[in-house]
1. Percent of Cα-Cα pairs per 10 Å bin, from 0 to the last occupied bin, for segment 14-53, please list those.
2. Quick one: Karplus J couplings for segment 121-128, per residue in order, coefficients 6.51, -1.76, 1.60, θ = phi - 60°, nearest Hz, x for Gly and Pro?
3. Calculated from the structure, semi-axes √(5λ) of the Cα gyration tensor in Å equals which of (1) 31, 20, 16; (2) 25, 22, 19; (3) 33, 20, 16?
4. With θ set to phi - 60° and the Karplus curve 6.51 cos²θ - 1.76 cosθ + 1.60, what are the ³J(HN,Hα) couplings of segment 160-166 in order, to the nearest whole Hz, using x for Gly and Pro?
5. Just to make sure I understand: if all protein chains stay in place, what is the order of Lys216, Lys67 by accessible area at 1.4 Å, largest first?
6. Work out the length of the dipole vector of the chain about its Cα centre, built from +1 on the beta-carbon of each Lys and Arg and -1 on the beta-carbon of each Asp and Glu, and round it to the nearest 20 debye.
7. Would you rank Met183, Met131 by solvent-accessible area, highest first, keeping every protein chain in place and using a 1.4 Å probe?
8. Quantify, in whole percent, the carbon and sulfur part of the accessible surface of segment 1-72 (1.4 Å probe; protein heavy atoms only).
Amino acid sequence: MFEASSTLLSLADGLAARAPLEPADRSAILGLPHSLKAIGAGGHILREGDRPTRCRVLLQGFACRHKIVAGGARQIVAIYVPGDLIDLQNLFVAYADDNVQTLTPVTVAAIPIEAIEQLVERRPAIARAVMAAALAEAAIFREWLANIGRRDARGRLAHLLCEMAIRQSGATPGPARRYELPMTQEQLADVLGLTPVHVNRTFRALEAEGLIERYKRSITIPDWNALASSGDFKPDYLHVG
């Protein structure tokens, strides 16, 4: 499925987007020891309380990070797309304080934490890139907090759809105007702090205004500026490009 020499290419590209890397740095990243694992939809990559020994790169599929509160309700606090380093904090903390679970079938590359620690000690440019990636993830967390705390339902959903368009654009400049969002309305409700019924109603409102088009789990954005304005979306917090 993946050639050994290119399995970690998305990781190298992602870190290079955060800080300048020399060819030798990229080669060192591609040479990291790793193992591949396929996990079905709904499977746990990490559970609260785990003491992980590996960091994982998402190669295929979608995953989420979430917290479960005392009453059993779930709040999704992050969505991961292919190319994301999904548990970077494992480099800095001893145990997991939340859960990482798959939204679709996924393939991950698991890298021993010790190998990454040795790499960042030897190569300052990679260390800067790793720290920049951690800070960018923190910036996304802050934006999500503002989104569910201060925007209305329409703004929350529009903002999320804009973010996913940017994050799934790959090497294409600008946002993806059509992309897959493989999440149920229940899962989106857990992202946005809404009920599934409210999510469905808000989707219909955005469609009625011509801001989005849906087909199954495909999202099309006919007018990017209009959707971004509806969601009060400014991409600076993503720190890409």
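The values are calculated or read from the model by the stated rules, or taken from the named source; none is laboratory data. Keep in mind that this is a model prediction, so the values were computed, not measured. Cβ sites come from the backbone with ideal geometry, for glycine too, and all protein chains shown count toward neighbours. Areas reflect the complete protein model, heavy atoms only, side chains present, ligands, DNA and RNA absent. Shrake-Rupley method; radii C 1.70, N 1.55, O 1.52, S 1.80 Å.
1. Histogramming segment 14-53 at 10 Å steps yields 20, 32, 33, 15 percent.
2. Rounded to whole hertz, the list is 5, 7, 10, x, 5, 5, 4, 5.
3. Read-out taken from this structure: (1).
4. Ordered by residue, 3J(HN,Hα) equals 4, 5, 5, 4, 5, 5, 5 Hz.
5. Putting Lys216, Lys67 in descending order of accessible area: Lys216, Lys67.
6. 340 debye
7. The most accessible residue leads, giving Met131, Met183.
8. 53 percent
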